[in-house]
Amino acid sequence: MTATDQNPAVPAASPAARIRTFHPRRGRMSGRQTDALERLWPEYGVDIAELDGPFDPAALFGRGAPVVLEIGSGMGDATAAMAVADPGRDYLAVEVHTPGLGNLLELVERHGLTNVRVAKGDALDLVRAMPTDALDAVHVFFPDPWPKARHHKRRIIQPEHVTLLRSRLRPGGTLHCATDWAEYAQSMRETLTADPGLADPHNGFAPRPPHRPVTKFERRALTAGRPVFDLIHHRHS
């Protein structure tokens with residue numbers, strides 16, 4: 001039985017939703033990352049492709065704390081930093097880049113973090129398997145901009161996906177996006193503003209929040225002269 005069969009609140013994936021919003025990347029694994037992945041994955045890891053039925057984040061963490069979903073956690077530095085500073089919430093990081101998963105797991109062990117879990121695969125498939133109102137926040141930081149017009153359908157921030165993400169937020173929960181791609185930032189703004197279930201307290205781009213760590217990727221963007229845009233919306237109560 002699939003997640004959709006068991007939970008009528010989970011929308012069936014349409015053909016558009018099945019289009020990948022990510023491009024799996026190959027990367028060399030360091031010995032440290034390989035070791036962390038091999039040792040810690042059984043305790044902290046989730047293979048999204050192997051899910052068969054509803055997914056309960058609270059059961060994964062073993063407590064009922066608010067859950068933050070990190071879509072595209074990269075090398076995990078920002079996720080680990082936020083989890084260290086925010087022990088009252090649980091962080092579920094989704095990534096397809098294996099070295100990034102290994103690196104985050106190494107950071108989890110180094111900092112003794114109990115409020116982080118990692119998932120490999122398509123974040124949208126994971127969200128579809130979740131119950132409604134399961135998340136306190138969703139972070140989509142520096143997603144692939146898919147700059148060519150013919151690839152815009154692969155962007156994660158588009159109406160159908162936003163509707164899905166918003167449905168898994170608790171009332172008042174936060175959808176926070178960030179990008180250094182100006183055209184994508186404007187597209188994000190239009191998409192998020194058009195969603196009737198989201199409220200925009202900033203009436204456009206938000207000031208950079210202090211809780212979002214500056215990553216190496218962001219520093220490179222700023223050094224290259226590309227401004228960074230934050231968009232922070234809340235689900236209507």
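Structure data summary
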item	result
Hits in region 84-96 - residues which are open to solvent by 20 Å² or more (accessible area, probe 1.4 Å) and not charged (D, E, K, R)	Val84, Ala85, Pro87, Gly88, Val96
Selected residue (only one of Val94, Val140, Val84 is within 19 Å of Arg212 (Cβ to Cβ), in contact with a Cys (Cβ under 8 Å, 6 or more places away or on another chain) and outside any loop (DSSP other than H, G, I, E, B))	Val140
Identity of the residue in region 58-76, over 14 Å from the mean Cα position of the chain (by Cα) and closer than 17 Å to Val108 by Cα, that ends up most open to solvent (accessible area, probe 1.4 Å)	Gly62
Residue within region 70-80 that is over 22 Å from Phe229 (Cβ atoms) and at pLDDT 95 or above present	yes
Any hit, region 175-184, residues being surrounded by fewer than 23 Cβ atoms within 10 Å (Cβ to Cβ), part of a loop (DSSP other than H, G, I, E, B) and over 14 Å from the mean Cα position of the chain (by Cα)	yes
Filtered residue count, region 146-174, keeping only those that are open to solvent by 10 Å² or more (accessible area, probe 1.4 Å) and part of a strand (DSSP E or B)	4
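The values are calculated or read from the model by the stated rules, or taken from the named source; none is laboratory data. Computed from a predicted structure; not experimentally measured. Neighbour counts run over all protein chains shown; Cβ positions are idealised from the backbone, glycine included. For the accessible areas, the whole protein counts, side chains as well, though only heavy atoms, and no ligand, DNA or RNA atoms are used. Shrake-Rupley method; radii C 1.70, N 1.55, O 1.52, S 1.80 Å.
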